[in-house]
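Visitor: Structure below; questions to follow.
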Amino acid sequence: MRLIPLLKDSYYFFKRRLFLILWISLVTYIFYNTYMFYFNGRQFYYIRRILGLGLCISRGTASVINLCCALVLLPLCKKLNQVLYRILSKLWPNLFFFWLERAKSFHMTVAVTLVMLALVHSVSHFVNLWNFSRSYDERMKEINFAKYKNESPFFLLLSQPGLTGVSMLIIILLMGMTSMRVVRRNIYNAFWYTHQLYMLFIALLIVHPLSGVLKEEILDDVESSPITSHEEGWSNSSSIDTHKFISIRSKTWTWMAFPLGCFLIDLLWRISSRNRAKVHILEVTHMPGRTLSLTLSCPYNQFMCRMGQYILLQCLDISLLEWHPFTIVKVPTSNSRNFVVWVRVKGDWTEHLERLLLENGANRLSFLVDGAFSSPMEGAAADEVALCVAAGVGITPFVSLLHHMLLKPRTKLPGRIHLLWIVRTEEEITWLADLANDTILQLRDANRPDRLHIEFYVTGTKGNDIKAFEGKEECSATHMVVINEKGKITHALSNNEKSMTDDEKASLLTPNRRRHACTDDEKRNNLNHMKYYEIAKEYPLLGCRLKRGRPHWDRVFGYWVHLYPHKRLNLYCCGTKKLVKSLKNKCKYITSNTKTKITIVHERFS
Ligand SMILES: Cc1cc2nc3c(=O)[nH]c(=O)nc-3n(C[C@H](O)[C@H](O)[C@H](O)COP(=O)(O)OP(=O)(O)OC[C@H]3O[C@@H](n4cnc5c(N)ncnc54)[C@H](O)[C@@H]3O)c2cc1C
């Protein structure tokens, strides 16, 4: 009886880890193959006598490093990915979005393998240097890197391959360490600038093996040459002089030629197009929650982009190197040749931009645009039913869908959109309020109201709302309610619990009352001397779609399963790691326990 769930679990485990399993198998195969080649190859007999297994390990890891260096570049070819999109969108669009969504994790998996193998490769070469010096033999001085016995390995390291190798190791370790999530989130620039060393790394990678330190014997027929003749040669010092050696040929070029070619073409294409793509700010709106709405002119006449795509933006007045990605919330049409991006002020670059806009105005700033580039969120525009979940500024990929529905309420695709937007404060809903309100009305007029199901979840308390709105006033809330997984209120805490009256406790613990940190008395007091923003007053159509607290995913998914009992759906999620993780688990549960199959497609902005 327990066998079936076990089989099911194993099936899902392998399905989820399929890519990783395939990758580890490929890496192991290449390492093992090269290792055995050097372990058994007769032409390496003499060098193997000096270096031992260090030779096989260093060559095995070198092959995997070559593979990693070749593959790590492919997800970065943004323009070529666009070409791929044009081809695949006709044949198999889902495959392209699958590749796009996995491109980042593919790059990271390959990069982690590269760092690990680079470490092993370096250690094996340090051991090789030591062995060159320790096992120095006059008979084999032609193939020994050391010039005399016990030459310091440190001096050997000061050679061209040694210095290039150490430099590459330092670069790759720097890149690896600054790529860690904690560094990326806190000092993104450290991650960004160390990654600019990749060009130097590639140049060193090509130069590193050219000196030909490792030598193989020239044999007439590698297969038939008996190993015993080598052993005799070794014991007979005169015969070894007759052997001829050449440097082991570097295979780095053969691995790197194609991907490096693609990468360089892509880079040149991007550099040439983006330096011509100057844009002007036509309008700036400062929205609540420190978010800017920038309306930008199109960089050139043919500039086109699709819903859900993003551009890279460079502000020459802020930095000549940094390019920051922002999703296009309103795509240009033939009538209006401009596009809009929303920029949440988060760190140094966006803060600098906000300051410049406030101090100098928009006219003095020059921007360059690179793109537009595809994102997995684009898939939502082509689905019959798209489930979309966004948190905060993660709403941007879905805003262009609303613009599209407003303009063309009767188009076939996107068919129907279930959009859930989770925000901290009610004020943030104003970013979208006009658009959402107009779209709902337009769809009603077109007799297609079912095309848009929109819900807003405000997770902050009214206190936070007030703070955000007033910017200065303190919240007087002293009570906190704790809500369990199912959305039921379990207990109430107070800073000064003794001061809590029975009445207040009862009101907090009553599930049907609004979940709110302030008691009724406090609320009445607040109302007397504070004004706070209520979306329902201005937009009644949106007010009835607003809920407080986080979504109760069991109910949300239950509703979707009820609506689409036998369908395959895509859930597009743009939000925090935690949100994506919990939705992934829900999708997995629904897919394995009901007839509705939900696949999650996600994007994270950090
Ligand atoms: C595909 C994509 C689309 C995005 N769309 C939007 C959008 O529509 N609106 C919006 O406000 N933000 C968007 N972002 C996030 C935005 O790019 C960052 O918030 C912005 O670059 C912050 O830069 P900063 O120097 O001010 O902040 P920092 O403090 O340097 O960084 C804040 C966070 O942003 C990320 N970040 C910083 N610089 C970059 C960069 N060059 N590339 C990628 N991530 C970076 C970091 O991981 C960090 O966690 C998007 C990100 C991606 C990857």
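The values are calculated or read from the model by the stated rules, or taken from the named source; none is laboratory data. Quick caveat, the model's predicted, so the values are computed rather than measured. So basically every Cβ, Gly included, is an ideal-geometry build from the backbone, and we count neighbours across all protein chains shown. Each accessible area value is taken on the protein alone, full model and side chains, heavy atoms only, with ligands, DNA and RNA left out. Shrake-Rupley method; radii C 1.70, N 1.55, O 1.52, S 1.80 Å.
Visitor: Could you check how much of the accessible area of the stretch 109-223 is carbon and sulfur, as a whole percent, using a 1.4 Å probe?
Guide: Values: 4360 of 6210 Å².
It is 70 percent, rounded to a whole number.
Visitor: I've got another one for you. Using a Förster distance of 51 angstrom, determine the FRET efficiency expected from the C-beta separation of Trp253 and Ser592, and round it to 0.05.
Guide: On the way: r = 47 Å, r/R0 = 0.93.
Given R0 = 51 Å and the Cβ-Cβ separation, E is 0.60.
Visitor: Taking loop as defined by DSSP and a crowding limit of 16 other beta carbons within 10 Å, which chymotrypsin sites (Phe, Trp or Tyr not before Pro) in the stretch 275-358 fit? Mind dumping the intermediate values first?
Guide: Numbers: sites: Tyr300, Phe303, Tyr310, Trp323, Phe326, Phe339, Trp342, Trp349; in loops: Tyr300, Phe303, Trp323.
Listed in order of number, the matching sites are Tyr300.
Visitor: Can you work out the Karplus-derived ³J(HN,Hα) for every residue in the stretch 320-336? Use 6.51 cos²θ - 1.76 cosθ + 1.60 with θ = phi - 60°, whole Hz, and x for glycine or proline.
Guide: 8, 10, 7, 10, 10, x, 9, 7, 7, 8, 9, 7, x, 10, 5, 7, 10
Visitor: Working with all protein chains in place, sort Phe126, Phe191 by solvent-accessible area computed with a 1.4 Å probe, largest first.
Guide: Numbers: Phe126 95, Phe191 40 Å².
These residues rank, largest area first, as Phe126, Phe191.
Visitor: May I ask for the equivalent-ellipsoid semi-axes of the stretch 289-393, computed as the square root of five times each C-alpha gyration tensor eigenvalue and listed largest first in whole Å?
Guide: So the three semi-axes of the stretch 289-393 are 25, 17, 12 Å.
Visitor: Are there trypsin sites (Lys or Arg not before Pro) in the stretch 1-96 that DSSP marks as loop and that have at most 16 other Cβ atoms within 10 Å, and which are they?
Guide: Working: sites: Arg2, Lys8, Lys15, Arg16, Arg17, Arg42, Arg48, Arg49, Arg59, Lys78, Lys79, Arg86, Lys90; in loops: Arg2, Arg17.
Sparse-neighbourhood loop trypsin sites (Lys or Arg not before Pro): Arg2, Arg17.
Visitor: Taking a point 7 angstrom from the Cα of Asp434 along the C-beta vector, which residues in the stretch 274-316 have backbone N less than 11 Å away?
Guide: 285
Visitor: Right, next: Rounded to the nearest 0.05, what FRET efficiency is calculated for Asn150 and Lys346 with R0 set to 35 Å and r the Cβ-Cβ distance?
Guide: Details: r = 57 Å, r/R0 = 1.64.
About 0.05, to the nearest 0.05.
Visitor: Treat each spin label as a single point 7 Å out from the Cα along the C-beta direction, and report the Lys581 to Ser135 distance in nm.
Guide: Spacing of the two 7 Å Cα→Cβ label points: 4.8 nm.
Visitor: How far apart, in nm, are the 7 Å Cα→Cβ label points at Ile87 and Val120?
Guide: Label-label distance for Ile87 and Val120, simple model: 3.3 nm.
Visitor: Separation between the Ile265 and Met304 pseudo-spin-labels, each 7 Å from Cα along Cα→Cβ, expressed in nm?
Guide: Between Ile265 and Met304, the label points sit 2.1 nm apart.
Visitor: Between Ile246 and Ala446, 0.36 nm times their residue separation minus their Cα-Cα distance comes to what?
Guide: 64.2 nm
Visitor: With Cβ to Cβ distances under 12 Å as the rule, what net charge do the other residues near His566 carry (K, R +1; D, E -1)? Spell out each step's value before the answer.
Guide: Details: positive: Lys567, Arg568, Lys595, Lys597; negative: none.
Neighbour charge sum, excluding His566 itself: +4.
Visitor: Then there is this: Leaving ligands, DNA and RNA out of it, rank Leu316, Leu117, Leu569 by accessible area with a 1.4 Å probe, largest first. List each step's numbers first, then the result.
Guide: On the way: Leu316 60, Leu117 25, Leu569 5 Å².
Largest accessible area first, the residues go Leu316, Leu117, Leu569.
Visitor: Please give the FRET efficiency for Val182 paired with Thr459, using the beta carbon to beta carbon distance and R0 = 35 Å, rounded to the nearest 0.05. Each step should come with its number before you reach the end.
Guide: On the way: r = 24 Å, r/R0 = 0.70.
So, using R0 = 35 Å, E works out to roughly 0.90.
Visitor: For a quick check of understanding: with a 1.4 angstrom probe and all protein chains in place, what accessible area in square angstrom does Lys581 have, to the nearest ten?
Guide: Lys581 exposes around 130 Å² with every protein chain in place.
Visitor: Arrange the residues Arg548, Arg410 by how much accessible surface each exposes, largest first, with a 1.4 angstrom probe. Present the calculation step by step, with values, prior to reporting the outcome.
Guide: On the way: Arg548 35, Arg410 160 Å².
The most accessible residue leads, giving Arg410, Arg548.
Visitor: Report the Cα centroid-to-centroid distance between the stretch 35-111 and the stretch 336-353 in angstrom, as an integer.
Guide: Cα centroid of the stretch 35-111 versus Cα centroid of the stretch 336-353: 36 Å apart.
Visitor: As a quick test, which of the pairs Lys346/Lys597; Lys278/Lys537; Lys79/Lys330; Lys547/Lys588; Lys90/Lys251; Lys8/Lys578 have an alpha carbon distance above 30 angstrom in this structure? Walk me through the numbers on the way to the answer.
Guide: Details: Lys346/Lys597 36 Å; Lys278/Lys537 42 Å; Lys79/Lys330 21 Å; Lys547/Lys588 26 Å; Lys90/Lys251 37 Å; Lys8/Lys578 25 Å.
Too far apart for the 30 Å limit: Lys346/Lys597; Lys278/Lys537; Lys90/Lys251.
Visitor: Let me ask something else about it. How much accessible surface does Ser10 have with a 1.4 Å probe, in Å² rounded to 10?
Guide: Around 40 Å² of this residue is reachable by solvent.
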